[in-house]
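Okay, structure first, notes after.
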Amino acid sequence: MTPTTNVPSFGKRFGVSLLLGIPGIVALVGYIYLTTPPSAVPSGLSLPLLAVLSSVNPLLLLGVACLLGAYAAPRVGLNSYAIDRMGTGDGIWQRLRNDVGLAVGIGILGGVLIVVLDAVLMPFVAQDLPHSVIGTTRPTVLDVLAYVPVRFLYGGITEELMLRFGLMSVLAFVGWRITGHRTDGPGPVVMWASIVVSAVLFGVGHLPALAQSVDLTPALIARTVLLNAVAGILFGWLYWRRSLEVAMVAHASFHVPLVVLSLVRVALV
């Protein structure tokens with residue numbers, strides 16, 4: 001794939017990508033506001049303020065990712081129908097529809113794969129997890145449904161902007177420059193390296209939150225990184241070979257089996 005040359009300005013690409021990620025941030029704020037019990041609000045803070053403050057870190061990460069992606073993505077030939085707007089005369093749906101089936105299929109299969117892998121790995125880490133983590137809590141149907149917008153908007157769109165458009169694009173750009181091939185786009189080795197590294201870093205990024213509730217062990221670290229990295233590799237391949245929007249559709253579809261499994265668990269409890 002060769003780098004894209006006919007693209008909008010850096011400022012327009014940054015602005016469009018940032019706007020695409022805002023609904024996910026709003027969904028996260030809304031979820032925290034609706035589900036945080038008053039007893040969990042720190043002294044001196046109101047619930048609305050706590051919810052808004054919770055958006056600061058992801059908003060900063062989104063902004064940095066959009067800056068990086070706006071610069072790097074067109075230089076390594078990574079495309080987005082919404083962000084690039086290359087004047088083909090076709091709308092986003094016309095360009096996306098041929099790949100929707102592939103994206104949904106890969107996303108759902110990826111979700112099922114993660115569920116199976118989690119079940120296979122659970123015996124190796126169950127002794128390291130407190131009961132509150134492995135399932136003695138009692139979520140309700142409303143709890144599960146309240147999290148759906150976060151899964152689809154924040155996970156499906158905002159995280160793809162952070163991990164694929166931002167991190168993966170800049171890794172591909174850096175790898176391309178390091179290898180010295182400055183006239184053509186990055187080759188498969190560089191692209192696969194950027195896909196895998198960005199996926200693994202995504203898994204590593206889940207460790208601090210996990211460490212707040214459990215003592216990390218080698219088995220827990222490996223499980224957490226693996227489960228998150230597998231899906232990231234699938235989405236990264238779609239971003240490389242298709243477009244950012246195809247990766248977003250796959251990521252959103254990935255959550256469908258997880259939502260269904262959560263609802264089944266609620267019904268069986």
Next on the checklist: Scan region 218-235 and tell me whether some residue there is farther than 22 Å from Val112 by Cβ and of a type outside the set (A, V, I, L, M, F, W, C).
Outcome noted: yes
Next on the checklist: Tell me the residue from Leu258, Leu268 that is farther than 20 Å from Gly21 by Cα and in contact (Cβ under 8 Å) with a residue 60 or more places away in the chain, please.
Outcome noted: Leu258
Checklist outcome for this item: Going through region 31-49 in order, the residues found to be in a loop (DSSP other than H, G, I, E, B) and either over 19 Å from Leu142 (Cα atoms) or in contact with a Phe, Trp or Tyr (Cβ under 7 Å, 6 or more places away or on another chain) (or both) are Val41, Pro42, Ser43, Gly44, Leu45, Ser46
Item to check | Residues of region 238-269 classified as of a type in the set (Gly, Ala, Ser), assigned to a helix (DSSP H, G or I), out of contact with any Asp or Glu (no Cβ under 7 Å at 6 or more places or on another chain) and closer than 18 Å to Arg97 by Cβ, total | outcome: 3
Next on the checklist: Restricting to region 60-83, count the residues that are of a type in the set (Phe, Trp, Tyr) and at pLDDT 95 or above.
Outcome noted: 1
Checklist entry - Quick check: is even one residue across region 20-29 of a type in the set (Gly, Ala, Ser) and either surrounded by fewer than 19 Cβ atoms within 10 Å (Cβ to Cβ) or touching a Lys or Arg at 6+ places or on another chain (Cβ under 6 Å) (or both)? => result no
Checklist entry - Can you pull out the helices (runs of 4 or more DSSP H) entirely within region 92-175 that have at least 2 residues that are modelled with pLDDT of 95 or more? => result 92-125
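The values are calculated or read from the model by the stated rules, or taken from the named source; none is laboratory data. Nothing here was measured: the structure is a model prediction, and the numbers come from that model. Heads up, the Cβs are rebuilt from the backbone with ideal geometry, glycines too, and the neighbour counts pull from every protein chain shown.
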